[in-house]
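The values are calculated or read from the model by the stated rules, or taken from the named source; none is laboratory data. Since this is a predicted model, take the numbers as computed values, not measurements. Counting neighbours? That spans all protein chains shown, and the Cβs are built from the backbone with ideal geometry, glycine included. In case anyone asks, the SASA skips ligands and DNA or RNA and just uses the protein heavy atoms, side chains included. Shrake-Rupley method; radii C 1.70, N 1.55, O 1.52, S 1.80 Å.
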Amino acid sequence: MKNESSNKKTVLIIDDEPLSVKILSHQLENEYSIILADSGREALEVISHTTPDIILLDLVMPEMDGYEVYKAIRMIRTLDSIPVLFITVLSDAECEAQGLEMGANDYVHKPFIADLVRLRIKNHLAFSQERGLLLKRSEELEELNVKLHDEIAQREIIQKAKKELIVKLEATLAQVKQLEGIIPICMYCHKIRDDKDVWNQLVQYISDHTEAKFSHGICPECATTQYEIIGNMK
Amino acid sequence: LRALESACKTQYKRGKITVILEKNLHPGDQTDAPMLFDKVELLDHFDGDEEFAQSILDDALTEIPKEVEGLIALCGGEDLQAIRLLAHTIKGMAANLCTNALRDIALKIETAAKNDDLESARGLLPKLEQTTRMTLGEIRKLT
């Protein structure tokens, strides 16, 4: 969290020992905004409404020790990647090992050496920022990947549909019979010569070479002519 | 001499240079035992800010006796966890104040309590009282 007015990063110091708090605050107050909590419970109350950029956490505290507070912090989704540095006395190798095994980012040791404390915090904030950027980039890539997968799936569907359409079209085309080019026809009787040199009636030829069918009706001219013939025959 | 050169180069305040000079002009005062109070180191940790060091030492003159008395009282009982916690607090405070002898004796009491050894913790109390007295004396001399 950045302090709006000063643009400083925020350090949450969780420690029940007033001298430690005073020293750390003094060493950091020029560069950072400081929030203090003198117990694990108070710290959890603070982080329920504030998100610090880094946490300095004393390991040995009454009621709720640093390990418990650490676990509770890591359970909070918005704080699961915030650097937590445990505060310990330089000689506490056992505590250090336990904390590092739990996933603590680092330690600040008592006695607090101003330069070292500031450098550690600066480095961990830089790591955290880099990590944040990497995570963001990774999420973006993940999103892009999902989009690409969707697009590939869409294209596959389209491709499949296209193939199906082509198959249908080919089947339809196979059914279409078409007459084209020069057809040899007798200029008197209008019979048509086929590929086997057989002369066919026009109706027969068209029936064989197209899908067309004939109704066998009678046109008005023929009707007149034909009725006359039939009448004369009577 | 190296400490003095470093202090001059980094433009530490006059108080630190005085302390370095005092320390080096009387080498006979130094022994292998942990120092009761190392003001040079303390100033080093605070970027040579003598005013702040002074304020911390003023607090220490109140805080150390309060916590040590509390620990002695706790050792009269049998709450080893409370003894361990308070010894740990004194150890941390002493480490921050560069009062190394006090830090070491507090560590011993903390370890005894951690090992459920109340008798050893109690046995260390006279040494704790003596070290506290001497440490406070050293701090008063320099404040």
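Below is a table of values for the structure above.
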item: Amide hydrogen neighbours beyond the local backbone of A:Asn200, cut-off 5 Å, H modeled; result: A:Ile192, A:Arg193, A:Asp194
item: Full-stretch length increase - A:Ala126, A:Ser81 - with 0.36 nm per residue and alpha-carbon distance subtracted; result: 14.9 nm
item: Check: the range A:90-234 dipole with +1 on Lys, Arg Cβ and -1 on Asp, Glu Cβ, in debye; result: 540 debye
item: Cleavage-rule hits (GluC sites (Glu not before Pro)) in the range A:24-81: DSSP loop, at most 15 neighbouring Cβ within 10 angstrom; result: A:Glu29, A:Glu31, A:Glu63
item: For B:Arg140, solvent-accessible area (1.4 Å; no DNA, RNA or ligand), Å²; result: 130 Å²
item: Normalised contact order of the range A:151-234, rounded percent, pairs of Cα under 8 Å and 6 or more residues apart; result: 17 percent
item: Difference of contour (0.36 nm per residue) and Cα-Cα distance, A:Ile185 to A:Asp208; result: 6.7 nm
item: Area of A:Lys136 that stays accessible when all protein chains are in place (1.4 Å probe, Å², to 10); result: 120 Å²
item: ³J(HN,Hα), Karplus 6.51/-1.76/1.60, whole Hz, each residue of the range B:77-88, x for Gly, Pro; result: x, 10, 7, 5, 5, 5, 4, 4, 4, 6, 4, 5
item: Buried area at the A-B interface (accessible, heavy atoms, 1.4 Å probe, summed, Å²); result: 2000 Å²
item: A:Lys163 accessible area, assembled protein chains, probe 1.4 Å, Å²; result: 130 Å²
item: Taking the range B:63-143 and dividing mean pair separation by its residue count, relative contact order in percent (alpha carbons under 8 Å, at least six apart); result: 30 percent
item: Average beta-carbon neighbours from other chains, 10 Å sphere, peptide A:15-23; result: 5
item: Inter-probe distance in nm under a simple model that places probes 7 Å from Cα toward Cβ, at B:Arg140 and A:Leu148; result: 7.6 nm
item: Whole-Hz ³J(HN,Hα) from phi, Karplus 6.51 cos²θ - 1.76 cosθ + 1.60, for the range B:66-73, glycine and proline x; result: 4, 5, 5, 4, x, 5, 4, 5
item: Cα-only Debye scattering, the protein assembly as shown: base-10 log of I(q)/I(0) at q = 0.08, 0.09, 0.10, 0.13 Å⁻¹; result: -0.59, -0.69, -0.79, -1.11
item: Label-point separation, A:Asp106 to A:Glu45 (7 Å along Cα→Cβ), nm; result: 3.1 nm
item: Placed amide H near A:Ile87: partners under 5 Å, 5+ positions off or other chain; result: A:Leu57, A:Asp58, A:Leu59, A:Val108
item: Accessible heavy-atom area order of A:Leu44, A:Leu19, highest first, probe of 1.4 Å; result: A:Leu44, A:Leu19
item: For peptides B:54-61, B:67-74, A:198-205, B:35-42, sequence by mean Cβ density within 10 Å, most packed first; result: B:35-42, B:67-74, B:54-61, A:198-205
item: Per-residue average of Cβ from other chains inside 10 Å of B:84-92; result: 5
item: Pair A:Lys163, A:Ser138: separation of 7 Å Cα→Cβ label points (nm); result: 3.7 nm
item: Other-chain or far-sequence residues with amide H under 5 Å of A:Ile183's (modelled H); result: none
item: Helical contribution to [θ] at 222 nm, DSSP H n ≥ 4, -39,500 (n - 2.57), averaged over chain A, rounded to 500; result: -17500 deg cm²/dmol
item: Kirkwood-based Rg to Rh ratio, the range A:39-147, C-alpha trace; result: 1.03
item: For the range A:152-165, 3J(HN,Hα) per residue [Karplus equation, 6.51 cos²θ - 1.76 cosθ + 1.60, θ = phi - 60°, Hz, x = Gly/Pro]; result: 4, 4, 4, 4, 5, 4, 4, 4, 5, 4, 5, 4, 4, 5
item: Bins of 10 Å from zero: percent of alpha-carbon pairs in the range A:95-190; result: 11, 16, 14, 11, 10, 9, 8, 7, 5, 4, 3, 2, 0
item: Within the range B:67-126: Cβ-based charge dipole about Cα centre, in debye rounded to nearest 20 (Lys, Arg +1; Asp, Glu -1); result: 220 debye
item: Contact order normalised by residue count of chain A, Cα under 8 Å, 6+ apart, percent; result: 11 percent
item: Shielding by partners - mean other protein chain Cβ count within 10 Å, residues of A:110-120; result: 4
item: Part-to-part distance (alpha-carbon centres) for the range B:72-142 and the range A:146-225, which is given in Å; result: 108 Å
item: Cα-based shape type of the range B:58-129, given that a ≥ b ≥ c are square roots of the gyration tensor eigenvalues and the cut on a/c is 1.5; result: prolate
